[in-house]
Amino acid sequence: MLVNHEAEQAVIGSILYEGDLIKETSLSVEHFAEQKHRQIFQAMRDVDKSGEPVNMVTVVTKLGSAIESVGGVEYLSRLAGSIPSTADFSSYQRLIYESYRLREVHRISLDYTNGPSEEKITEMYQRINELQELGITKQRTKQDVLYEIYNDMNEEKGEITGIPTGFADVDGMTGGWQDGDLIIVAARPSMGKTAFALNLAMNTCKNGGVADIFSLEMPDKQLAHRMLSAVGNISGSKWRNPRKYFNERDYEHATQALGVYEKWSMNIHDEPNQTIADIRAAIRKTHRENQGKKHIVVIDYLQLISIIGRFERNDLAIGSVTRELKQMARAFKIPIVLLSQLSRAVEQRQDKRPMMSDLRDSGSIEQDADIIAFLYRDDYYNSDSENKNVVEVNFAKHRNGPTGTVQLAFVKEYGKFVNLSRQMEAEMIG
């Protein structure tokens with residue numbers, strides 16, 4: 001129903017009956033449909049904000065001359081007296097949220113009907129997605145948390161507690177990508193950040209998981225070529241004209257790679273101008289269709305996400321995106337790997353290894369990220385470097401673990417990352 005008169009009365013009556021409930025509720029004035037209930041609830045909020053206890057006397061006093069317009073003292077007394085217990089307070093709240101969601105959907109649908117436009121479609125889509133999560137709380141009791149910790153103490157989990165990255169040294173640093181984490185991978189162009197992210201997605205799929213890749217710049221076919229190259233050890237440049245450049249071995253390996261790739265739960269979303277709402281909707285669909293599977297999300301890249309709304313500064317706009325992505329990671333209990341550009345300041349220094357300050361609009365990114373990793377290839381800048389085909393992965397921030405640098409071998413021809421020790425063994429055998 002669009003208006004749940006009884007639920008609104010029950011919430012207000014419960015708070016009059018037990019004033020401290022005003023501190024626990026997440027409801028706001030706009031969630032109430034009836035004007036008199038809005039006025040009463042606002043008075044309760046004002047009383048609580050002033051530091052006074054919320055009760056019949058303080059609320060009536062706050063309402064002052066407006067008391068008659070909301071039904072008088074008799075109406076408030078009747079609401080408080082009709083509540084035998086506040087045990088069902090959360091249920092009353094939920095009913096109010098449900099009615100509010102229906103009213104909002106009705107309102108924005110009418111607004112679109114009266115003046116349809118592409119902009120209104122986007123806004124409507126985003127708002128409906130937001131409404132789906134409104135009022136959903138998963139608050140656990142202290143006993144729930146302690147019980148989980150107790151079980152952790154007695155459960156053999158091994159070294160990897162999250163999604164394996166496929167790289168022993170990275171797993172050693174992180175324990176795998178953890179559910180709920182926002183992981184920033186940043187680098188200057190040509191360092192291999194897209195290839196690194198694709199390798200993470202592929203390694204998740206190899207282990208029976210599912211991956212969502214949001215490519216805001218590169219089309220799905222090009223990304224598929226890159227992954228097939230990594231799986232089949234096929235030079236990436238040959239995909240421009242396979243009929244001309246493929247040899248017999250390439251055809252054989254490509255056919256095998258196609259069979260492997262076809263079995264993976266790999267979803268590529270390559271639509272341009274994707275918004276946070278688009279990303280959330282796609283993740284929710286994958287999450288719903290793959291219950292129980294390990295799920296990783298890769299977004300390439302932060303600065304290309306379309307931002308809806310107006311912000312005074314770009315860092316505030318970027319902050320709104322990273323904040324929502326972090327909330328999304330927690331809500332769906334998945335790791336989100338977000339690629340990011342670095343400023344050109346890196347190129348002006350003698351040591352080209354990135355630092356935290358090189359992140360574009362770094363303040364908000366630093367705050368929201370659980371892990372920030374920078375990629376660096378010394379042989380890109382120094383032709384005589386001893387570290388040929390080596391990528392440094394520098395964990396500059398790690399909210400729940402150590403920081404430091406690990407090295408991976410990068411087979412650029414195939415867009416493939418492998419453990420450095422494995423690559424060294426392959427070269428010795430070769």
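Values quoted throughout were computed directly from the atomic coordinates according to the rules given, and no laboratory measurement underlies them. All values derive from a computational prediction rather than experimental measurement. In this analysis, Cβ positions are derived from the backbone assuming ideal geometry, glycine residues included, and neighbour counts consider all displayed protein chains.
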Give me the Å³ per residue figure for the convex hull around the C-alpha atoms of the stretch 275-430. 157 Å³
Add -39500 (n - 2.57) for each DSSP H run of 4 or more in the chain, then divide by its residues: what number comes out at 222 nm, to the nearest 500 deg cm²/dmol? -15500 deg cm²/dmol
Connecting every pair of Cα atoms under 10 Å apart in the chain and solving the GNM, the largest mean-square fluctuation among Ile149, Ile121, Ile279 falls on Ile149
Sort the stretch 165-221 into rounded, prolate or oblate with this rule: let a ≥ b ≥ c be the square roots of the eigenvalues of the Cα gyration tensor; rounded if a/c is under 1.5, and if a/c is not under 1.5, prolate when a/b is larger than b/c, oblate otherwise. oblate
Test of understanding: express the Cα radius of gyration of the chain as a ratio to 2.2 N^0.38 Å, with N the residue count. 1.23
Protection proxy ranking, peptides 191-199, 76-84, 2-10, average beta carbon neighbours within 10 Å, highest first: 191-199, 2-10, 76-84
Sites matching trypsin sites (Lys or Arg not before Pro) across the stretch 355-403 that sit in DSSP coil, with at most 12 neighbouring C-beta atoms within 10 Å: Lys388, Arg399
Calculated P(r) of the stretch 198-317 - Cα pairs past 23 Å, %: 40 percent
Sequence-distant lysines (8 or more away, or on other chains) whose Cα lies within less than 21 Å of Lys388: Lys193, Lys352, Lys412, Lys416
For the stretch 78-119, alpha-carbon Rg and Dmax in angstrom: 17.1, 51
If you take all C-alpha pairs in the stretch 18-86, what percent of them are over 21 Å apart? 18 percent
Excluding Tyr245 itself, calculate the net charge of residues whose Cβ lies under 15 Å from the Cβ of Tyr245, where each Lys or Arg counts +1 and each Asp or Glu counts -1. +1
Counting only Cα, what are the radius of gyration and maximum Cα-Cα distance Dmax of the stretch 1-151, in Å? 18.3, 57
Taking only C-alpha pairs under 8 Å that are 6+ residues apart, what is the relative contact order of the chain in percent? 16 percent
How big is the stretch 283-331 by Rg and Dmax over its Cα atoms, in Å? 13.3, 42
